[in-house]
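The values are calculated or read from the model by the stated rules, or taken from the named source; none is laboratory data. For clarity, every value in this text was computed on a predicted model and none was experimentally measured. We place every Cβ from the backbone using ideal geometry, glycine too, and count neighbours over all the protein chains shown. Side chains included, ligands, DNA and RNA excluded: accessible areas come from the protein's heavy atoms. Shrake-Rupley method; radii C 1.70, N 1.55, O 1.52, S 1.80 Å.
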Amino acid sequence: MIGGLFRLLLVSLGLVVLWQVVVWVAAPPPFILPGPLATASAFINRFDLLMQNAAVTLAEILLGLVFGTLLGAAGALAVIAFGPARRWLLPLLIASQAVPVFAIAPLLVLWLGYGMASKVAMATLIIFFPVTASFLDGLRRTEGSWLDLAQTMAGTSTSARLATMRHIRIPAALPALASGLRVAAAVAPIGAVVGEWVGSGAGLGYLMLQANARMQVDLMFAALFILALIALALFYAVDAASRALIPWQDDSLPVPKE
Amino acid sequence: MIMVAAASAQHSPSPAPVGIVVHRALLAYDGMRLFDNLSFEVVPGHVACLLGPSGVGKSSLLRLIAGLTGAASGVVRGSDGAPLTGRVAYMDQRDLLLPWASALDNVLLGSRLRGETPDRVRARDLLAAVGLADRMDARPKALSGGQRQRVALARTLAEDRPVILMDEPFSSLDALTRSRLQELAARLLVGKTVLLVTHDPLEALRLGDAIHVMAGRPVELGPAMAPPGLTPRDPTEPHLVQLHRRILSTLRAADAATGSQP
């Protein structure tokens, strides 16, 4: 984790240096490619503006993550739990992904307005599928011998199946759910920003569009930088949380000998 | 006083021994008949051991008795005439412990799945009986292979079923740990009807009241060999060494009859 952060910092530093070198050598006009220094000064000068909009985008992303995760997990459980419904739910799920989320962004803004709701809906929609797909995968791949053991213990009644779901299938699928959540954390900002581009009055995506129209490319870069930070922080937070909550997945624990 | 303590450690009186009756069982995989017209019995309270070449169908027979094979026909019941469903506890070669649950929670799994109130006192007693009083809260990953199999044994006993099916329960352990666990099992399984699948003739000699060798396709069950003396026996005793030799030659013949590769 610490080593990973260190490497990340080093790589970022290398990219910034490369960026500065490109600016020095090619010397583009600042409205095409501002240097790191110009970006940094935009970051400092417009800090309040950036933070206000970042807070909006962050809230959209987090709400989207919460709803997307809840819906995605519920969707996977529904597909597993209701045998007959599976045949209808699964194609519906896949069809829902065949419609590009970007294409329905204008519709969502039309239906849900320019406020946060349409952006949260975008993020939720984009998260829903990876969460459902990975959790479903985990739920379907429960170790067969565990299920056999459960059957000898409790039989095949409905209550026994529900208990097996709760005590065996779901915990066994948590590592798969966690990998779905990592993907979700990485794509959630895309949903929020696309939503803001289509129509909004606040947020980093909105700020970037405004800055672009006014040739304030340094401000755009500063917003982009914050967006990247948010995405990274989210990813690492989800990663750390899943490691803390699913410790049995970690196989580097020492195994004492008898 | 000692009697009282022993009784409370056992907690509830174990159910009366029930034998296993398999009558004219038929089981086929991919059109190949694994068993056809297979009949045998395990005497109530006895430990029966099944030996045989790998792939002969020992585990399939256990699964059949445990009610885990769907496409089988024939009769599997208790010696009292009632079905065995809900009266069987199963222990596998792999410990099948849930990696997210502590040793104690693994022992309590059966009661949780049945929706009963988990009896923690009894589970703790059982873990103490298998020598894990100080590792109850440890997750399986923090336990050694032998300790994990001890937890699995405690979990099997926690089911408090009259019939116990064991599929090579100690085969993944080193020799010393294995013999310790065999002694432990012999002590704790008294009064239960046990069907033990093993590939180790010595294990059968240590623990078995009746030893059968399975061979052929479809499978036939050899006549029971009954080693004398109380379990756990010392298989290095002269009369057991002789029996060991007999088992080995029967196994060799069984291997040839089943036609498996050496």
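Which residues, if any, in region B:60-79 have at least 20 Å² less accessible area in the whole protein complex than in the isolated chain, probe 1.4 Å?
B:63, B:68
Enumerate the aspartates and glutamates that residue B:192 could reach by cross-link, defined here as Cα to Cα under 19 Å, with residues fewer than 8 away along the same chain left out.
Qualifying aspartates and glutamates at Cα under 19 Å: B:41, B:80, B:92, B:125, B:159, B:160, B:167, B:168, B:183, B:203, B:209.
Using the alpha-carbon centroid of each, what span in Å lies between region B:17-83 and region B:105-157?
28 Å
Based solely on its DSSP helices, what 222 nm [θ] is calculated for the protein assembly as shown when runs of n ≥ 4 H residues each add -39,500 (n - 2.57) and the sum is averaged over all residues, nearest 500 deg cm²/dmol?
-19000 deg cm²/dmol
For region A:203-219, in order, what is each residue's ³J(HN,Hα) by Karplus, 6.51 cos²θ - 1.76 cosθ + 1.60 with θ = phi - 60°, in whole Hz (x at glycine and Pro)?
x, 5, x, 4, 4, 5, 4, 4, 5, 4, 4, 9, 6, 8, 5, 5, 5
Any chance you could give the angle, 0 to 90 degrees and rounded to 10, that helix B:120-129 forms with the longest Cα principal axis of chain B?
Between the helix axis and the principal axis of chain B, the angle is about 60 degrees.
Starting from the exponent 0.38 and prefactor 2.2 Å, build the expected Rg for chain B from its residue count and divide its actual Cα Rg by it.
With N residues counted in chain B, Rg over 2.2 N^0.38 Å equals 1.01.
If I fit a long axis through the Cα atoms of helix B:175-188 and take the longest principal axis of the Cα atoms of chain B, what angle between them do I get, 0 to 90°, rounded to 10?
Tilt of helix B:175-188: around 80 degrees.
Enter the buried accessible area of the B/A pair, total of both sides, probe 1.4 Å, in Å² rounded to the nearest 100.
In total, this chain pair buries about 2400 Å².
Report ³J(HN,Hα) in whole Hz for each residue of region B:199-208, in order, from the Karplus equation J = 6.51 cos²θ - 1.76 cosθ + 1.60 where θ = phi - 60°; Gly and Pro get x.
Working through the residues one at a time gives 10, 10, x, 5, 4, 4, 5, 6, 10, x Hz.
Hey, if you put +1 on the Cβ of every Lys and Arg and -1 on every Asp and Glu Cβ in region A:35-244, which of A:162, A:70, A:230 ends up farthest toward the positive end of that dipole?
Of the listed residues, the answer is A:162.
Keeping every protein chain in place, order A:129, A:135 by accessible area at 1.4 Å, biggest value first, i.e. largest first.
Ranked list, largest accessible area first: A:129, A:135.
What aspartates and glutamates sit close enough to residue B:141 to cross-link, taking a C-alpha to C-alpha distance under 15 Å and skipping anything fewer than 8 places away on the same chain?
A:250, A:251, A:258, B:95, B:105
At residue A:110 and residue A:162, where each label point lies 7 Å from the Cα along Cα→Cβ, what is the point-to-point distance in nanometres?
4.3 nm
For region B:133-177, with only Lys/Arg (+1) and Asp/Glu (-1) charged at the beta-carbon, what is the dipole magnitude about the Cα centre, in debye rounded to 20?
Dipole magnitude for region B:133-177 comes out near 180 debye.
Rounded to whole Å and sorted largest first, list the principal axis extents of the Cα atoms in the protein assembly as shown.
98, 55, 46
Using protein chains only and a probe of 1.4 angstrom, how many square angstrom of residue B:199 are accessible, to the nearest 10?
100 Å²
I'd like the distance separating the alpha-carbon centroids of region A:174-203 and region A:45-114, in whole Å.
One Cα centre to the other: 8 Å.
Please work out how much length the chain gains when fully extended from residue A:98 to residue A:55, using 0.36 nm per residue of separation minus the C-alpha to C-alpha distance, in nm with one decimal.
Result for the pair: 12.3 nm of gain on full extension.
With labels modelled as points extended 7 Å from the Cα through the Cβ direction, what inter-label distance (nm, one decimal) is found for residue B:28 paired with residue A:82?
Inter-label distance under the simple model: 3.9 nm.
About the Cα centre of the protein assembly as shown, what is the dipole size in debye to 20, counting +1 per Lys and Arg Cβ and -1 per Asp and Glu Cβ, all else neutral?
In total the dipole reaches around 380 debye.
Considering the Cα trace of region B:98-160, what is its radius of gyration and what is Dmax, both in angstroms?
Rg then Dmax for region B:98-160, in Å: 10.4, 30.
About the Cα centre of chain B, how large is the charge dipole given +1 on each Lys and Arg Cβ and -1 on each Asp and Glu Cβ? Please answer in debye to the nearest 20.
Result for chain B is approximately 240 debye, rounded to the nearest 20.
Rounded to the nearest whole Å², what accessible area per residue is found for region A:107-173 with the 1.4 Å probe?
Counting only protein heavy atoms, the per-residue value for region A:107-173 is 45 Å².
Tell me the carbon and sulfur percent of the accessible area for region A:35-244, rounded to whole percent, probe radius 1.4 Å.
Ligands and nucleic acids excluded, carbon and sulfur give 71 percent.
How many Å² of accessible area per residue for chain B, probe 1.4 Å?
Averaged over the residues of chain B, the accessible area is 45 Å².
Which aspartates and glutamates have a Cα less than 17 Å from the Cα of residue A:119, not counting those fewer than 8 places away in the same chain?
A:60, A:196
Go through B:54, A:30, A:15 and say which Cα lies farthest out towards the positive end of the charge dipole of the protein assembly as shown; charges sit on Cβ, +1 for Lys and Arg, -1 for Asp and Glu.
B:54
Report the one residue of B:213, B:37, B:133 whose Cα lies farthest in the direction of the positive end of the charge dipole of chain B (charges on C-beta: Lys and Arg +1, Asp and Glu -1; origin at the Cα centre).
Of the candidates, B:133 comes out farthest on the positive side.
Going by a 1.4 Å probe on protein heavy atoms, which residues of region A:133-157 end up with at least 30 Å² less accessible surface in the whole assembly than in their chain alone?
Listed by number, the residues meeting the 30 Å² cut-off are A:145, A:146, A:148, A:149, A:151, A:152, A:153, A:154.
Just grab the label-to-label distance for residue A:233 and residue A:66, each label 7 Å out from Cα along the Cβ direction, in nm (one decimal).
1.7 nm
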